[in-house]
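Notes for the one structure printed next.
The values are calculated or read from the model by the stated rules, or taken from the named source; none is laboratory data. Computed from a predicted structure; not experimentally measured. All Cβ positions, glycine included, derive from the backbone under ideal geometry; neighbour counts span all protein chains shown. Protein only, heavy atoms only, side chains kept; ligands, DNA and RNA dropped before computing areas. Shrake-Rupley method; radii C 1.70, N 1.55, O 1.52, S 1.80 Å.
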Amino acid sequence: MKAAIFYTGKFGSTKKYAYWINEHNDFPVFDLRRENPNPDEYNLIILGSSIIAMKPTIQKWLMKNWPKIKDKQVLLFTVSGTEPGHPNLQQWLNNSLSKEMLEHIHYVPLRGRRVLNELPWLMRVFMKIASKVEKDTDKKNWLAEGFDYMVITSMEPMLEVIEQQETVDR
């Protein structure tokens, strides 16, 4: 099986997960913001995407390249502050991807991190303002203080799916 990891992210969590997968499987990793790799060369496509403003950041690349990868095994992991299993995650994908894509792609949500002092100035200001108007105490703290849910063990569901795909190909 020839596989590769294609990712796009905003604040570094997606990149970190992509390289953790690489350390485990030694698949090449492509940052889609800096590279334009050809997915035709691979039969297992692992996509990594941040969720920003309720949309996967990989949406445009996926729409453009879907004709090339729709007959391949496609795994998608998304990274956000939202807990896996939360209904919003699936709703955001439903709003962003076609029904054909949703039926074909194996999806694994992961949690990321947002370290406020590493964000661009304007984003920090936005988070502070949002935290002032938020009424829910937990959300208020989440916005004002950031979060870090990243641990290497959280990607075990993704590694299990990759292992299953490798077994199918043998």
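Among 85, 12, 48, the largest mean-square fluctuation in a Gaussian network model of the chain (Cα springs under 10 Å) belongs to 85. Applying Stokes-Einstein at 20 °C and 1.002 mPa s to the Kirkwood radius of the chain, computed over alpha-carbon pairs, gives a translational diffusion coefficient of 128 µm² s⁻¹.
Take every pair of alpha-carbon atoms less than 8 Å apart whose residues are at least six positions apart; their mean separation over the length of the chain yields a relative contact order of 20 percent. Partner lysines whose Cα lies under 30 Å from the Cα of residue 139, excluding those fewer than 8 positions away in the same chain, are identified as 10, 15, 16, 55, 60, 128. Here the simple spin-label model places points 7 Å from the Cα toward Cβ, and for residue 140 and residue 38 these points are separated by 5.6 nm.
FRET efficiency for the pair residue 128 and residue 31, taken as 1/(1 + (r/R0)^6) with r the Cβ-Cβ distance and R0 = 25 Å, rounds to 0.25. Taking amide H atoms as placed 1.01 Å from N in the peptide plane, the amide H of residue 107 lies under 5 Å from those of 76, each 5 or more residues away in sequence or on another chain.
Protein heavy-atom accessible surface, 1.4 Å probe, per residue over the stretch 1-98: 48 Å². Taking GluC sites (Glu not before Pro) in DSSP loop conformation with at most 16 other Cβ atoms inside 10 Å as exposed sites, the chain has its longest uninterrupted site-free stretch at 36-133.
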